[in-house]
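Accompanying notes for the structure given below.
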Amino acid sequence: MATRDLTVVLQVAERAAEAAGELIRQWSGRPEVVDTKSGPHDLVTEVDRRCESVIRETIRDAFPDDFILGEETVAQYGGAEVVLGAEHEDLWVVDPIDGTTNFVAGIPFCSVSIAYAHRGILEVGMVYHPYLKEQFSAVRSGGAFLNGRPIRVSSASTLSESVLGTGFPSGEHARAVNTKGMVDLAPRCRNIRTLGSAALHLAYVACGRLTGFWETHLNPWDMAAGALLVQEAGGQVTDIEGRPYTLEVRHVVGTNGLIHGELLGRLKGAMAAEI
Ligand code: IPD
Ligand code: CA
Ligand code: CA
């Protein structure tokens, strides 16, 4: 149980997300790819780095002793596993731009994802769409909200009524595995969307726009905030084998709860859970 005032934590997350969102809007359509990370599909721009800097500064000003696990700086701390293994008491998990491929292509669909965990338990999650100015937020046991209004997962109870989200994770093997699920599910659900931001996919599950989402080979910063959103909106988040979500999970399934078992079963049958 966190001892600090989570309303203040949420306000800091909001300020940080808005500052990064301002940069994203300002640089929209003219980012320069400065590097690739894990492979040719994994882009990073100067704007990703600047967004992370401004988020870090905002968090540091308020909570100087907290540890920040951010996508663009994690390498200098030995990687996500090392950071999570260190069991920091107060940990922020940050994806400064989730959807860099869209950002580079000039497609106005990406998000800023910021989560706060106390002793490994997610307490606050915020996913911000800087173009639509949609702010999805959740505080543990306090419900989930879109721009201050309560949100709830969809009431669809079968895959055939479901609109699912997924992605094309970076890495050839990861893409091949995830595609197996798409091939199996496409004829069985209402439709599939790959919108290009895992964090927004989870936020969309939380507000009922999507019924469910799965993707393999993600990183903690892609999912942390969105996972809490789904849980607080009445949904379910597990790994691809049905175990409860933790920050260590990399292959995630998040749904309205009603289709969770059916979706897990299909992914298993399609060998899309054979990592
Ligand atoms: C990516 C996005 C994308 C997902 C990839 C992620 P990034 O994050 O979430 O939707 O399919 O697996 O890596 O690189 O834009 O932060
Ligand atoms: Ca990401
Ligand atoms: Ca990113």
Would you check which residues across region 146-173 are touching a Leu at 6+ places or on another chain (Cβ under 9 Å) and either among the aliphatic types (A, V, I, L, M) or over 25 Å from Leu264 (Cβ atoms) (or both) and list them?
Ile151, Val153, Ala156, Leu159, Val163, Leu164
Limited to region 240-260, what total is found for residues that are out of contact with any Ser or Thr (no Cβ under 8 Å at 6 or more places or on another chain) and without any contact (Cβ under 8 Å) to a residue 24 or more places away in the chain?
2
Go through region 57-77 residue by residue and tally those that are within 14 Å of ligand 3 (Cβ to nearest atom), without any contact (Cβ under 8 Å) to a residue 60 or more places away in the chain and of a type outside the set (Val, Ile, Thr).
2
If I filter region 124-142 down to residues being assigned to a strand (DSSP E or B) and of a type in the set (A, V, I, L, M, F, W, C), which single residue comes out as surrounded by the most Cβ atoms within 10 Å (Cβ to Cβ)?
Val127
Checked His260, His251 against criteria (touching a Leu at 6+ places or on another chain (Cβ under 9 Å) and closer than 30 Å to His118 by Cβ); the one match is His251
Can we say Ala156 is part of a helix (DSSP H, G or I), modelled with pLDDT of 95 or more and closer than 28 Å to Glu274 by Cβ?
no
With respect to Ser154, is the statement that it is out of contact with any Asp or Glu (no Cβ under 7 Å at 6 or more places or on another chain), free of Cβ contacts under 8 Å to residues at least 40 places away in the same chain and open to solvent by 20 Å² or more (accessible area, probe 1.4 Å) true?
no
Filter region 158-191 down to the residues that are open to solvent by 30 Å² or more (accessible area, probe 1.4 Å) and among the aliphatic types (A, V, I, L, M) and list them by number.
Val163, Ala176, Val183, Ala186
Matching residues in region 208-224 - criterion: being in a loop (DSSP other than H, G, I, E, B), touching a Pro at 6+ places or on another chain (Cβ under 8 Å) and not polar (S, T, N, Q):
His217, Leu218
Given (1) within 15 Å of ligand 3 (Cβ to nearest atom); (2) in contact with a strand residue (DSSP E or B) (Cβ under 9 Å, 6 or more places away or on another chain), index of the condition His217 fails
(2)
Considering only region 1-18, I want to know if a residue exists there that is in contact with a helix residue (DSSP H, G or I) (Cβ under 8 Å, 6 or more places away or on another chain), within 14 Å of ligand 2 (Cβ to nearest atom) and assigned by TED's automatic domain parsing to the domain that holds Phe109.
no
Taking the condition over 14 Å from His251 (Cβ atoms), open to solvent by less than 40 Å² (accessible area, probe 1.4 Å) and hydroxyl-bearing (Ser, Thr, Tyr), does Thr194 pass?
no
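The values are calculated or read from the model by the stated rules, or taken from the named source; none is laboratory data. Fair warning: this is a prediction, and the values are worked out from it, not measured in the lab. With ideal geometry, Cβ positions are generated from the backbone for all residues, glycine too; neighbour counts draw on all protein chains shown. What goes into the accessible areas is simple: the full protein's heavy atoms, side chains included, and nothing from ligands, DNA or RNA. Shrake-Rupley method; radii C 1.70, N 1.55, O 1.52, S 1.80 Å.
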